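Colleague: Handing you this structure, nothing more for now.
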C-alpha cells in the first residue's frame, strides 16, 4: 500500500514522503497511530493543507528531543546487578530496564527508543544507541556491575587502553620530532662536509695551478741561464 507519511519514521522517510509499505503494517499501525494517510487523491489534497503545520510541529518535537538527549548524555548510567563468579548476570539488562532507568530520573524514554548492539547478560561496559527521533540520536555507554565500587574499577580499566593509546601517540610524535631534528642535523653536516670538500678541491686546483706556473717560471729561468752561458763562452773564444 502507498501511504503519505505524517511524521519522520526510521527506515521509512520524512514528512510528506510517499512510501510503499505492507498492507498490514499500514492498517494496523501507521494509519491508526496517525503516522500516515492512504495515498489517494483526497488525502493528498488534505495533506497539502496541513503540511506547514506538520513541519512546524515536527520542528518543535526535534528541539525537545535534542534537549532530552543532552540530559541523557550528562548522566553516567550504572546498573547494579547480581552476577555469578564468572560475571554472568542472573537475568539481563533490557531496553525496558534502560527506559525505566531514565524515567526514574524524570526523563521520558520509551523501550523502542533504546537499541542494544548486543544482549547484555554479563557485567561490563556496553555501547547502546538512544534514538529519540529519526533526526535525534546518539551512542551511549552503560556500566553494568555488581557494586558501585566494582563499577568504578570497571570504568578505570576500560579507560586505561585509551590513556595508553594517547601516551603511545605522544611518544611516537616526540620520536618523530627527534628523528626529524636528527635528519635535519645530519643533512646540515653533510651539506657542510660537501661545502668543505668543494672548498678543499678548489684550493687544490689553485695550488696545482700555482705549482704548474712555478715550474714554468723555473724552466724559463733555466733556459735563460743556459742561453747566457753559451753567449759568454762564445765571447771568450
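Colleague: Would you say residue 125 is in contact (Cβ under 8 Å) with a residue 24 or more places away in the chain and in a strand (DSSP E or B)?
Modeller: Yes; evaluated as a whole, the condition is true for this residue.
Colleague: Any residue that is loosely packed, with under 13 Cβ neighbours inside 10 Å and under 30 Å from residue 16 (Cα atoms) - is there at least one of those in region 98-107?
Modeller: No, the conditions are met nowhere in region 98-107.
Colleague: List the residue pairs whose Cβ atoms are under 9 Å apart, where the first residue sits in region 48-64 and is in contact (Cβ under 8 Å) with a residue 24 or more places away in the chain, the second is in a helix (DSSP H, G or I), and the two are 6 or more positions apart or on different chains.
Modeller: Going by the 9 Å Cβ cut-off, the qualifying pairs are 54/47.
Colleague: When you check residue 86 against the structure, is it outside the structural domain of residue 19 (by TED's automatic domain parsing), more than 34 Å from the chain's Cα centre (by Cα) and either modelled with pLDDT of 95 or more or closer than 26 Å to residue 153 by Cβ (or both), yes or no?
Modeller: So residue 86 passes the test.
The values are calculated or read from the model by the stated rules, or taken from the named source; none is laboratory data. Treat the numbers as computed from the prediction; the structure is a model and nothing was measured. Glycine also receives a Cβ, built like all others from the backbone with ideal geometry; neighbour counts cover every protein chain displayed.
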